[in-house]
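Step one of this worksheet: look at the structure below.
The values are calculated or read from the model by the stated rules, or taken from the named source; none is laboratory data. Note that this is a predicted model, so its numbers are computed, not measured. Here the Cβ positions follow ideal geometry from the backbone for every residue, glycine too, while neighbour counts run over all protein chains shown.
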Amino acid sequence: MTNDAPVLIAGAGPTGLTLALWLTKLGVPVRIIDKLAAPAPYSRALGVQARTLELYRQIDRLADDVIGAGLKVAGANFWTSGRRAAHVQFGDIGAGLSPFPFVLTLAQDKHERLLIEHLERLGVTIERSTELLRFDQSADRVRAVLRREGREETCEVPFVAGCDGAHSAVREAIGTTFEGGTYSRLFYVADVDAAGPAVDYDVHVELDKADLLALFPMDGRTRIRMVGTIRDDAGERRDDVTFEDVSTRAIERMKLRIDRVNWFSTYRVHHRVAGRFRDRRAFLLGDAAHVHSPVGAQGMNTGIGDAINLAWKLAAVLRGAPDSLLDTYATERMAFARRLVNTTDRIFTIASKPGPIAAFVRTKIAPRVIPILFRLGFMRRFFFRTVSQIAINYRHSAVSAGKAGRIHGGDRWPFSSTMRWQVHVHGQPRPGVAEACEAAGVELHRFEFTRESRKCGLKRDALYVLRPDSYVGFADASGDPARLRDYLRTRPYRLASFSGRI
């Protein structure tokens, strides 16, 4: 039996890698395992949302690396009856809303390699061919049984994080539900080299009466990602389905010539949320906690958000903050996961539902309405805020309080690039604020109040307490140092110094 790092992470996909990276940067040693012998050379996830990039600024050049390896999507096209019926221009669709106002694609396997490189620079190595079999929990430890190359070993850790996918061993061990459903049709995903009018820097969607086909650019030249439906007569042969079994109607209508299939896989689309995200010292993140349709490229980004939300809370509790802080991980992320699953379920149902009414909406109404809506500034902003995940907030969390200007406790803060507790004041801090921050060990940052500050909804001379994950913990319009001290002293979690050792 070995005594290991404070956190055992099961699963080295984007969620597990992000959790390991953030914990390591916060000074928490981790042990990350994965049952695969090597990273998968292919993947389904493709989109990287603006909120993910905002959070990636906290890790050296990670945001720049991802952008440099990715592709900015120019727009979206909707096809019906073999013609391009509607076009929507993206460009910098989120200008003024985020430092990353564009739509970005980057294949998950390349994304994972970047995360692994950053981890390796910090001295963290993934233990491959290592599987979590089972574990039990005591008051202060998790006793886990691992299998590596046919041999079992036991380790004891304070916490275990299940980032091990939809068939999670951690979720099975804690015995929680995974309620939801599965769509009836069999879908495929393929990376191909192709040619034709739909191979460019845009997303292309065929609004066919019977089939669904979406194309996503991967290099702006010949490589694209295809997501579509398998022919009904082949859908029951899950084990031996090949690219020859895909529905060709939509492919032919989009005048697409497939030159080479680099990777092909079939899958069922699920929409499920775990009944619990936390069981004492065990946590569920990413696909282990929630799965949903691929609408809006939300899955991988949501798992990354889970990881960053949990990382700073684990670090704080390991340094002495009350255990109740960890309950806020489940309440904050579960609320968002449920909303996301419900939303993507409704959209996906409309996009894939058979029948004449649904087909009429897709082929006749949608191509006319969508371009009109995207010409309206408020609709473009609404779309970007929703899809980019910058609209996520934790206003009803136990660690959120106050309001100043349009900013509430629990709102996203796009102006921070560090993972430390901070107080920001745009304007002049009131006497006593600096002393209150110094006493609590929290950094105070003062900025000039500008037109941009007002445009972002900030209030002059107000104070904003920022969490390590770039969300507002407390906002006070009066900038009162007494209220600041009260928040830092009496919140149910209190502040734990990030300078101490684990």
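Looking at 421, 413 in this structure, which one is closer than 24 Å to residue 398 by Cβ, of a type outside the set (D, E, K, R) and in contact with a Ser or Thr (Cβ under 6 Å, 6 or more places away or on another chain)?
Numbers: 421 fails: in contact with a Ser or Thr (Cβ under 6 Å, 6 or more places away or on another chain).
Sole residue among the options that is closer than 24 Å to residue 398 by Cβ, of a type outside the set (D, E, K, R) and in contact with a Ser or Thr (Cβ under 6 Å, 6 or more places away or on another chain): 413.
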Legend entry - Enumeration of residues in segment 440-477 that are surrounded by fewer than 15 Cβ atoms within 10 Å (Cβ to Cβ) and over 22 Å from residue 419 (Cα atoms): 448, 450, 451, 452, 454, 455, 457
Legend entry - Failed item, numbered, when residue 44 is tested on (1) within 19 Å of the chain's Cα centre (by Cα); (2) over 27 Å from residue 222 (Cβ atoms); (3) basic (Lys, Arg): (2)
Inset, instruction - Mind listing just one residue for me: the one in segment 385-423 that is closer than 25 Å to residue 21 by Cβ and not in a loop (DSSP other than H, G, I, E, B) and, of those, modelled with the highest pLDDT? - result: 412
Inset, instruction - Give the residues of segment 326-339 that are touching a helix residue (DSSP H, G or I) at 6+ places or on another chain (Cβ under 9 Å), farther than 21 Å from residue 54 by Cα and free of Cβ contacts under 8 Å to residues at least 60 places away in the same chain, sorted by residue number. - result: 326
Legend entry - Matching option when the condition is closer than 22 Å to residue 175 by Cβ and free of Cβ contacts under 8 Å to residues at least 12 places away in the same chain, among 240, 287, 323, 306: 323
Legend entry - Selection from segment 266-315 of residues that are modelled with pLDDT of 85 or more and on the phi > 0 side of the Ramachandran plot: 280, 286
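Within segment 365-378, is even one residue touching a His at 6+ places or on another chain (Cβ under 8 Å) and either part of a helix (DSSP H, G or I) or without any contact (Cβ under 8 Å) to a residue 12 or more places away in the chain (or both)?
Yes, because at least one residue in segment 365-378 is touching a His at 6+ places or on another chain (Cβ under 8 Å) and either part of a helix (DSSP H, G or I) or without any contact (Cβ under 8 Å) to a residue 12 or more places away in the chain (or both).
Tell me, which residue of segment 409-453 that is of a type in the set (D, E, K, R) and free of Cβ contacts under 8 Å to residues at least 12 places away in the same chain is nearest to residue 391 (Cα to Cα)? Lay out the reasoning, then the answer.
Of the residues in segment 409-453, the ones of a type in the set (D, E, K, R) are 411-412, 420, 430, 435, 438, 443, 446, 448, 451-452.
The next check asks that each one be free of Cβ contacts under 8 Å to residues at least 12 places away in the same chain; those that pass are 438, 451-452.
Working: 438: 32, 451: 22, 452: 19 Å.
That would be 452.
Which count do you get for residues in segment 85-120 that are more than 30 Å from residue 251 (Cβ to Cβ) and not assigned by TED's automatic domain parsing to the domain that holds residue 249? Outline the logic, then answer.
If we filter segment 85-120 for residues that are more than 30 Å from residue 251 (Cβ to Cβ), which is where we start, we get 92, 94-101, 113-120.
Those left that are additionally not assigned by TED's automatic domain parsing to the domain that holds residue 249: 113-120.
Within segment 85-120, residues that are more than 30 Å from residue 251 (Cβ to Cβ) and not assigned by TED's automatic domain parsing to the domain that holds residue 249 number 8.
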Inset, instruction - Taking the options 82, 123, name whichever one is of a type in the set (Gly, Ala, Ser) and outside the structural domain of residue 279 (by TED's automatic domain parsing). - result: 82
Inset, instruction - Go through segment 157-198 and give me each residue that's in contact (Cβ under 8 Å) with a residue 60 or more places away in the chain, out of contact with any helix residue (DSSP H, G or I) (no Cβ under 8 Å at 6 or more places or on another chain) and among the hydroxyl-bearing types (Ser, Thr, Tyr). - result: 176, 177, 182
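Could you please let me know if residue 251 is under 23 Å from the mean Cα position of the chain (by Cα), of a type in the set (Val, Ile, Thr) and farther than 30 Å from residue 338 by Cβ? I'd like the intermediate steps shown before the answer.
Working: under 23 Å from the mean Cα position of the chain (by Cα): no; of a type in the set (Val, Ile, Thr): yes; farther than 30 Å from residue 338 by Cβ: yes.
Judged against the criteria, residue 251 is not a match.
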Legend entry - Test: residue 35 is crowded, with 17+ Cβ neighbours inside 10 Å and either of a type in the set (Gly, Ala, Ser) or touching a Gly at 6+ places or on another chain (Cβ under 9 Å) (or both): yes
Legend entry - Test for residue 30: is it under 22 Å from residue 171 (Cα atoms) and buried (at least 19 other Cβ atoms within 10 Å of the Cβ): yes
Legend entry - Residue in segment 429-437 that is at pLDDT below 95 and either touching a Gly at 6+ places or on another chain (Cβ under 7 Å) or within 23 Å of residue 314 (Cα to Cα) (or both) present: yes
Inset, instruction - Please go through segment 246-274 and pick out each residue that is touching a helix residue (DSSP H, G or I) at 6+ places or on another chain (Cβ under 9 Å) and either of a type in the set (Gly, Ala, Ser) or surrounded by 14 or more Cβ atoms within 10 Å (Cβ to Cβ) (or both). - result: 246, 247, 256, 258, 261, 264, 266, 269, 271, 272, 273, 274
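One line per residue, one yes/no per condition, for (1) hydrophobic (A, V, I, L, M, F, W, C); (2) more than 27 Å from the chain's Cα centre (by Cα):
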residue	(1), (2)
432	no, yes
435	no, yes
441	no, yes
445	no, yes
452	no, yes
458	yes, no
464	no, no
472	yes, no
475	yes, no
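Among the residues of segment 289-316, how many are among the β-branched types (Val, Ile, Thr), under 24 Å from residue 205 (Cβ atoms) and assigned to a helix (DSSP H, G or I)?
Restricting attention to segment 289-316, the residues satisfying the condition of being among the β-branched types (Val, Ile, Thr) are 291, 295, 302, 304, 308.
Right, trim to under 24 Å from residue 205 (Cβ atoms) and you get 291, 295, 302.
From the residues that got through so far, the ones that are assigned to a helix (DSSP H, G or I) too are 302.
Adding up the residues that qualify gives 1.
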